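First the structure, in the form of structure tokens, and then the observations on it.
The values are calculated or read from the model by the stated rules, or taken from the named source; none is laboratory data. Only a predicted model underlies this, so the values are computations on that prediction, with no experimental measurement involved. As a convention, Cβ positions derive from the backbone with ideal geometry for all residues, glycine included, and neighbour counts pool all protein chains shown. Heavy atoms of the whole protein, side chains included, go into the accessibility calculation; ligands, DNA and RNA do not. Shrake-Rupley method; radii C 1.70, N 1.55, O 1.52, S 1.80 Å.
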Amino acid sequence: MILRNSGDFQSSLEDEFERRLFTRRNDLTNSIRLAIATDALHAMMNGIWGRITDLADEYRISRPFIYSLANALKETGEFIFKEMADCASTASLRELAIHVMLSLRLEAKSSIGAISTHMKRFGYELSSTGSISRILSCIGDLLPSTISTENGIIRYLIFASDEIFSKTIPILVSVDPCSSAILRIELSESRKAEDWKRHFECLHDNGVEAIYLVSDDGKGIRAGHAEVMSDVVRQSDTYHVIAHQFGSWADRLEKAAYKAIGVEQECERKLVSAKSDRVWGKRLADYDTAAEAAEKAVMLYDDFSYLYRCILGELDVFDSNGNLRDGRQAEEGIEVGLALIEELNRNSITKAVNKIKRALPDLFHYFDVARKVINECKALPIDEEILKVYCVAWQWGKAAVKAKKTDRRRKAQEQEQFCLEIADSLHQQEFGDIQQEVYSKLDTIVQSSALVECINSIIRPYLSTTKNNVTQQLLNLIMHYHNHRRYCDGKRKGKTPMELLAGKEQAKDWIEIIFDMAKEKDPELLFAS
């Protein structure tokens, strides 16, 4: 073919170019192709008509080529972001599974086997007993066994300390009786002086100091206190010293009296049914013997229970008019009561009396604390007579908490409410705030470590579900749960122990706090495959 001029030559090249299906353009670099694909995909996703044509004219490329670039970018993006979403979904499912197992273990008090069964039923991940046990142990390792203060601040608290037992293994526990927060909980090989010494030293190292210590008269805890807290007063637990010693005797003597009465009634029944004089005479002798034994048993129970109630009354902080009682007079009253109990001439009861006598020197320190508390209360904007009414109401409230029998509890609650109504009628200012403030101060008068018994009742179900194979990791979990869970009823309703202890609102749930800690200390725990 002969070309007559340059115009014909140019026209021929354009015809040849248009006949080609694909031509590799070296001038269209990867960055330019990405820009074209991005621009085109944006136009396609947002319905911008005419933009594809403009790109084709601008870069002298075909519309199908632009669409292929845009579709390739879309598919690549979907693949990348789908992988990221799958990873996030996997992490989310894992967190959900851990959330469920924590809730079942701590809130529902379920065993590892029961948790596994539940999680398998509903298709959760990590549902094997091995996975559950391993993860709970890992979380327990992340949690502390001792509370600590922030920024080196020293916090002064009352220590209520005692031992809890898992079979024969002791668990050493210290609690703040005002907030009910567990300060330290540890699995120990023994409960000797050196064990309690380390226990108290650890609290000291974490910025927690004792105002005074309330405990029973165990040799180990007394020796440990003497070694590291000799300058801190130790208040003997009034419950363990008196109620625990004499309470069981009151129940025992009551049962013995009823049993003797039953024997007397049976002898009387047999006596009435006697058919001959010989039989009647023998049964009459049996009846007289049974009647005499019943009378002695009833008299012994009546005398002991009366003296026991008198001794318990001497432990009251306030009299019936709301006046602070004298500690020395209370001690003398108990000494008189003990002397009268000794006169009952029962060797076993005399042994209990001797134990109480040995504990008397450390039994009345709470009166000194009460005196300071009353002086603080007098500084409040409240009349002294109204303060006395509050003191009586508070004491009835404590009696309601300690009462085991329903009738006694109801009576104590009624008396407390009656006193509060009197105070309300006398008070000219806002009532609720003053009552709460007075009660809060009076609550620092601690006579016993009974709150540790409450912690024992909280821990006991977990020990049962593990067949008493308790670990420190489990104790750490229990401590964290108890300190950060919200009370559903009672005087602490709606609050967590840590809120009451620190005076700072807890914004997050106890499981969220664990997750935050895990993300900081061991992220793989929540996101591992």
**OP:** Step through the residues of the range 480-487 one at a time and calculate ³J(HN,Hα) from phi using the Karplus curve (6.51 cos²θ - 1.76 cosθ + 1.60, θ = phi - 60°), rounding each to whole Hz and writing x for Gly and Pro.
**Re:** 4, 4, 4, 5, 10, 7, 8, 5
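Assuming R0 = 25 Å, what is the FRET efficiency of VAL232 and ASP433, from their Cβ-Cβ distance, to the nearest 0.05? The partial results should precede the final answer.
Details: r = 32 Å, r/R0 = 1.30.
So the FRET efficiency works out to roughly 0.15.
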Subject >> Extension gain, ASP27 back to SER273 (0.36 nm per residue minus Cα-Cα distance, nm) >> reply: 75.8 nm
Original post:
If you wrap a convex hull around the Cα atoms of the range 115-200, how much volume per residue is inside, in Å³?
Top reply: 162 Å³
Original post:
Given the Cα-Cα distance of LYS493 and ALA114 and 0.36 nm per residue of separation, how much length would full extension add, in nm?
Top reply: 133.5 nm
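Quick check on the chain: of the DSSP beta bridges with both residues there, what percent are antiparallel, nearest 5%? Before the final figure, lay out each step's value.
Details: 14 of 22 bridges.
Counting DSSP beta bridges with both partners in the chain, the antiparallel share is about 65 percent.
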Original post:
Expressed as a fraction of 2.2 N^0.38 Å, the rule-of-thumb size for a compact globular protein of N residues, what is the C-alpha radius of gyration of the range 267-366?
Top reply: 1.70
Original post:
How many nm is it between the label spots at TYR306 and GLU107, if each spot is 7 Å from the Cα in line with the beta carbon?
Top reply: 5.5 nm
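In whole percent, what relative contact order does the chain give with Cα contacts below 8 Å and a gap of six or more residues?
Values: 606 pairs, mean separation 89.7, N = 529.
RCO, the chain: 17 percent.
For the chain, what does the accessible surface come to per residue with a 1.4 Å probe? Please give it in Å². Intermediate values should be presented prior to the final figure.
Numbers: 30410 Å² over 529 residues.
Per residue, the chain has 57 Å² of solvent-accessible surface.
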Original post:
With the dipole of the chain worked out from charges on the C-beta (+1 for Lys and Arg, -1 for Asp and Glu) around the Cα centre, which of LEU93, VAL263, ALA226 lies farthest toward the positive end?
Top reply: VAL263
Original post:
What do the square roots of 5 times the Cα gyration tensor eigenvalues come to for the range 203-273, in whole Å, largest first, as semi-axes of the equivalent ellipsoid?
Top reply: 51, 9, 8
Original post:
Cα centroid distance between the range 301-379 and the range 202-272, in Å?
Top reply: 14 Å
Subject >> Within the accessible area of the chain (1.4 Å probe), percent carbon and sulfur >> reply: 52 percent
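Okay, helix-only estimate at 222 nm for the chain: each DSSP H run of n ≥ 4 adds -39500 (n - 2.57), divide by all residues, round to 500 deg cm²/dmol; what do you get?
Working: 21 runs with 338 residues, N = 529.
Taking each H run of at least 4 residues, the total per residue is -21000 deg cm²/dmol.
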Subject >> Gap separating the Cα centres of the range 92-131 and the range 454-529, nearest whole Å >> reply: 16 Å
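Work out how much length GLU254 to GLU58 would gain on full extension: take 0.36 nm times their residue separation and subtract the Cα-Cα distance, in nm to one decimal.
Values: separation 196, 0.36 × 196 = 70.56 nm, distance 10.64 nm.
So the chain would gain 59.9 nm between GLU254 and GLU58.
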Original post:
Angle between the Cα long axis of helix 406-426 and the longest principal axis of the chain, 0 to 90 degrees, nearest 10?
Top reply: 80 degrees
**OP:** Can you find, among ALA37, TYR390, VAL241, the residue farthest towards the positive end of the dipole of the chain? Put +1 on the C-beta of Lys and Arg, -1 on that of Asp and Glu.
**Re:** VAL241
Original post:
Once label points are set 7 Å from the Cα along Cα→Cβ at both SER131 and ASP288, what is their separation, rounded to one decimal in nm?
Top reply: 8.2 nm
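With every protein chain kept in the model, how would you rank MET45, MET479 by accessible area, 1.4 Å probe, largest at the top? Intermediate results must be reported in sequence, preceding the final value.
Numbers: MET45 130, MET479 5 Å².
These residues rank, largest area first, as MET45, MET479.
Quick one: Cα convex hull volume of the chain, Å³ per residue?
Working: hull volume 160.2 nm³, N = 529.
Dividing the Cα hull volume of the chain by its residue count gives 303 Å³.
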Subject >> Pairs beyond 18 Å (Cα-Cα), from LYS255/LYS355; LYS402/LYS495; LYS259/LYS351; LYS259/LYS405; LYS372/LYS441; LYS219/LYS357 >> reply: LYS255/LYS355; LYS402/LYS495; LYS259/LYS351; LYS259/LYS405
